[in-house]
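Q: Below you'll find the structure I mean.
The values are calculated or read from the model by the stated rules, or taken from the named source; none is laboratory data. Fair warning: this is a prediction, and the values are worked out from it, not measured in the lab. Every residue, glycine as well, gets a Cβ built from its backbone with ideal geometry; the counts of neighbours run over all protein chains shown. Calculation scope for accessible area: heavy atoms of the full protein, side chains included, ligands and nucleic acids excluded. Shrake-Rupley method; radii C 1.70, N 1.55, O 1.52, S 1.80 Å.
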Amino acid sequence: MGRALVMGNWKMNLDYVEAVHLVQQLGVLASSRPLEHVDIAVVPPFVDLRSVTSVVESERVPLTVGAQHVHPLESGAHTGEISAPMLRRLGVTWVLVGHSERRQMYAMTDEVVAQTLQSATRQGLAGVLCVGEALEVRESGRHLGVVADQLRSALEGLNEAQRELVTIAYEPIWAIGTGLTAATPQVREMTEQIRVVAQSLSLADVRVLYGGSVNADNAASLVNEGSLDGFLVGGASLKAESFWAICEAAEDCYSGRAK
Ligand code: 13P
């Protein structure tokens, strides 16, 4: 059985001083209870990455680091953008690709999502492909089809080495930052279909995360439901205690399964 993955997407929060503080707090919590079944990752803003990777390395904090976005090209005249080689050089492991906030607010189309995932994984970054439906899509019953289309357009054409670098995060847009968590049957239905579509594209053992108002109170029931490999956490990842409680919920669930 694989390990769970709990990832904190800080979005546009925490400057580099706050970032270092939070990572140090996580380091203290991790040394008081080492987690054997959970991989932990934080996804800070670009300007925090150098400080965060430095503190992770120097204080041996058991977590990996991701970026929230990357440009598909390696270099060039793209003011304000960051490339995969730049991230690799900083010791970044992961990159979120196609978060709904990028899709909605920055016009990231399915085509650009596919190009970005192609390029990031070609350059050795582990891509967390974010998919999920808007409220009106779910209300009209088209959520499974919409998410399947997002998956196919992003995953088709990856080679085997690239496919191994992919994690999928299901984040229903209506659950992000709203306090409305998807119900466990909704999560199970979608997770199962994500695995079927992924398998049809030769991604047999892909990790599937859930994101959308995950917090210390609901994490255990979500992960215990059984179809998830972990979480992509927004708001609750900004405080060490709440993020750690989510990591522990995943640990408790996975250590129970391992017995
Ligand atoms: P919240 O946990 O704040 O709902 O955010 C989820 C998310 O978008 C993580 O990428």
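Conditions tested, residue by residue: (1) in a helix (DSSP H, G or I); (2) at pLDDT 95 or above; (3) within 21 Å of SER32 (Cβ to Cβ).
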{"site": "SER213", "(1), (2), (3)": "no, yes, no"}
{"site": "ALA236", "(1), (2), (3)": "yes, yes, yes"}
{"site": "SER242", "(1), (2), (3)": "yes, yes, yes"}
{"site": "GLU248", "(1), (2), (3)": "yes, yes, yes"}
{"site": "TYR254", "(1), (2), (3)": "yes, no, yes"}
{"site": "ARG257", "(1), (2), (3)": "yes, no, no"}
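Q: Would you tally the residues in the range 149-167 being closer than 16 Å to VAL196 by Cβ and either out of contact with any helix residue (DSSP H, G or I) (no Cβ under 6 Å at 6 or more places or on another chain) or open to solvent by 70 Å² or more (accessible area, probe 1.4 Å) (or both)?
A: 7
Q: Please list, ordered by first then second residue, the pairs with beta carbon atoms under 7 Å, 6 or more apart or interchain, first in the range 17-41 and under 17 Å from SER255 (Cβ atoms), second at pLDDT below 95.
A: If the second residue must be at pLDDT below 95, the pairs left are GLU36/SER255; HIS37/ARG3; HIS37/TYR254; HIS37/SER255; HIS37/ALA258; VAL38/ARG3; VAL38/TYR254; ASP39/ARG3.
Q: Which residues, taken from the range 187-220, are over 27 Å from GLU241 (Cβ atoms), touching a residue at least 24 places away in the same chain (Cβ under 8 Å) and polar (S, T, N, Q)?
A: Scanning the range 187-220 gives THR191, GLN193, SER202.
Q: Return the only residue of ARG89, ARG60, ARG103 being basic (Lys, Arg) and either open to solvent by less than 50 Å² (accessible area, probe 1.4 Å) or under 20 Å from LEU14 (Cβ atoms) (or both).
A: ARG103
Quick grid of which residues meet (1) within 16 Å of the ligand (Cβ to nearest atom); (2) more than 30 Å from ARG257 (Cβ to Cβ); (3) aromatic (Phe, Trp, Tyr):
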| position | (1), (2), (3) |
| --- | --- |
| ARG3 | no, no, no |
| LEU22 | yes, no, no |
| LEU35 | no, no, no |
| VAL38 | no, no, no |
| VAL43 | yes, no, no |
| ARG50 | no, yes, no |
| LEU63 | no, no, no |
| MET86 | no, yes, no |
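Q: I've got another one for you. Applying the selection to the range 49-83, what residues are under 19 Å from VAL6 (Cβ atoms) and either in a loop (DSSP other than H, G, I, E, B) or not aliphatic (A, V, I, L, M) (or both)?
A: THR53, ARG60, VAL61, PRO62, LEU63, THR64, GLY66, GLN68
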